[in-house]
Amino acid sequence: VQLQASGGGLVQAGGSLRLSCAASGGTISNSVMSWFRQAPGKEREFVASISYSGLSFHYEDSVKGRFTISRDSAKNTVYLQMNSLQPEDTAIYYCASKNAWADVVNQFRYNYWGQGTLVTVSS
């Protein structure tokens, strides 16, 4: 499976962006899908996960209430709607997939990664 992340860009603080992660070469309908991010000079960190059913979610505390993860099985695509963006959200955002719901915050549990899309939030 190949994952292609897109939708990043430059936005002012308080603005919104929607990231997409399109899968090819296989289906992600049975996969847990997540977003991670890596800010300059920092470790990659977990952002959000959605179960294969689309009924379970998990968010990092700082994005709760601002970010929403969703999936469209027909399009084999996962989204991350980001609202009320802040400068501290500036990072490269990566999508990733894994088989099981357990330990979704652990990046080393993921099988496939997208190439990343840059989000820059200006103050």
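The values are calculated or read from the model by the stated rules, or taken from the named source; none is laboratory data. The model shown is predicted, which means the values in this text are computed figures rather than measured ones. Here Cβ is always computed from backbone atoms with ideal geometry, including for glycine, and neighbour counts include all displayed protein chains. Accessible surface areas use protein heavy atoms only, side chains included; no ligands, DNA or RNA. Shrake-Rupley method; radii C 1.70, N 1.55, O 1.52, S 1.80 Å.
Spot the failing condition for Ala39; the list is (1) closer than 20 Å to Ser6 by Cβ; (2) touching a Lys or Arg at 6+ places or on another chain (Cβ under 9 Å); (3) open to solvent by less than 40 Å² (accessible area, probe 1.4 Å), and only one is missed.
Only one criterion in (1) closer than 20 Å to Ser6 by Cβ; (2) touching a Lys or Arg at 6+ places or on another chain (Cβ under 9 Å); (3) open to solvent by less than 40 Å² (accessible area, probe 1.4 Å) is unmet by Ala39, namely (2).
From the list Leu10, Leu17, which one is of a type in the set (A, V, I, L, M, F, W, C), modelled with pLDDT of 95 or more and under 15 Å from the mean Cα position of the chain (by Cα)?
Leu17
Those residues that are part of a loop (DSSP other than H, G, I, E, B) and either of a type in the set (D, E, K, R) or closer than 15 Å to Lys98 by Cβ (or both), I need them from the range 40-63; list them, please.
Lys42, Glu43, Arg44, Ser51, Tyr52, Ser53, Ser56, Glu60
Sort out which residues of the range 109-121 are under 14 Å from Arg37 (Cα atoms) and open to solvent by 90 Å² or more (accessible area, probe 1.4 Å), and write them in order of number.
Answer for the range 109-121, where residues must be under 14 Å from Arg37 (Cα atoms) and open to solvent by 90 Å² or more (accessible area, probe 1.4 Å): Gln115, Leu118.
Suppose we keep only residues that are over 21 Å from Gly14 (Cβ atoms), touching a strand residue (DSSP E or B) at 6+ places or on another chain (Cβ under 8 Å) and among the aliphatic types (A, V, I, L, M) within the range 42-81. Which one would you say is surrounded by the fewest Cβ atoms within 10 Å (Cβ to Cβ)?
Per the stated criteria, the residue is Ile50.
Being touching a residue at least 24 places away in the same chain (Cβ under 8 Å), among the β-branched types (Val, Ile, Thr) and over 15 Å from Gln115 (Cα atoms): is that true of Ile50 here? Step through it out loud before you land on a result.
Numbers: touching a residue at least 24 places away in the same chain (Cβ under 8 Å): yes; among the β-branched types (Val, Ile, Thr): yes; over 15 Å from Gln115 (Cα atoms): yes.
So Ile50 fits the description; yes.
Of all the residues that make up the range 90-108, how many are under 17 Å from Cys21 (Cβ atoms) and surrounded by 15 or more Cβ atoms within 10 Å (Cβ to Cβ)?
Total satisfying the criteria: 10.
To keep it simple, each residue is scored yes or no on (1) assigned to a helix (DSSP H, G or I); (2) within 14 Å of Val47 (Cα to Cα); (3) over 10 Å from the mean Cα position of the chain (by Cα); (4) at pLDDT below 95.
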residue: Val78; (1), (2), (3), (4): no, yes, no, no
residue: Gln81; (1), (2), (3), (4): no, yes, no, no
residue: Glu88; (1), (2), (3), (4): yes, yes, yes, no
residue: Tyr93; (1), (2), (3), (4): no, yes, no, no
residue: Ala96; (1), (2), (3), (4): no, yes, no, no
residue: Ala100; (1), (2), (3), (4): no, no, yes, yes
residue: Val105; (1), (2), (3), (4): no, yes, yes, no
residue: Phe108; (1), (2), (3), (4): yes, no, yes, no
